[in-house]
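See structure below.
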Amino acid sequence: MVLSGIYEERTTGLSILTLVHFSVANLLAGTTGDLAFMWSIETFNQTLSLEGPFGESTLTAVRVTSPDGEAVVASALSQLDPAKNVGVCPEHRPPLGTPWWRGQVPAAMANDLRTTGNTAYRIEVLAGSTWRRVMLIDSGCRGVGRF
């Protein structure tokens, strides 16, 4: 994988440091480590947005696991199209084919992310037939009904 997270970003709300962190984490993950996904959370509801590493076309699903290990949310991942979709920040347009997910998460998880940027809930993505853990990287963006 190339340092694909550092694609032509200009005034998008994402800092260069966040993009470098995201890119390097995914470069170091290789084929077995935790994949890095940037996230943002809506301000007045439990909608979480996730954006994965460009070029990871084998990622097909996402699941949210509670602190006790129970899968509480599971659904398909989409591939972003910058002509139609924004990324985790309102002005952010990732490259075509970037893995992306937006969905409702438990209120406790949403509150954790809003207040501390961390959570005991885990996110995993399905890569082929293997579930891989996700390292969450805060995009720094918060939304107000960006649907």
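The values are calculated or read from the model by the stated rules, or taken from the named source; none is laboratory data. Just so you know, these numbers come straight off a predicted model, no measurement behind them. Here the Cβ positions follow ideal geometry from the backbone for every residue, glycine too, while neighbour counts run over all protein chains shown.
For every residue, the table says whether it meets (1) under 14 Å from the mean Cα position of the chain (by Cα); (2) in contact (Cβ under 8 Å) with a residue 60 or more places away in the chain; (3) within 23 Å of Phe44 (Cα to Cα).
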position: His92; (1), (2), (3): yes, yes, yes
position: Arg102; (1), (2), (3): yes, no, yes
position: Trp131; (1), (2), (3): no, yes, no
position: Leu136; (1), (2), (3): yes, yes, yes
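Across the range 107-147, the qualifying residues are those that are assigned to a helix (DSSP H, G or I) and charged (D, E, K, R), and the one among them that is surrounded by the fewest Cβ atoms within 10 Å (Cβ to Cβ) is Arg114. Under the condition of being modelled with pLDDT under 85 and β-branched (Val, Ile, Thr), the residues counted in the range 53-90 number 3.
Out of all the residues in the range 52-80, which are outside any strand (DSSP E or B), in contact (Cβ under 8 Å) with a residue 24 or more places away in the chain and on the phi < 0 side of the Ramachandran plot? First the steps, then the outcome.
Initially, the range 52-80 is screened for residues outside any strand (DSSP E or B), giving 52-58, 66-70, 77, 80.
Next cut, in contact (Cβ under 8 Å) with a residue 24 or more places away in the chain only: 52-58, 66-67, 77, 80.
The answer is Gly52, Pro53, Phe54, Glu56, Ser57, Thr58, Ser66, Pro67, Leu77, Leu80.
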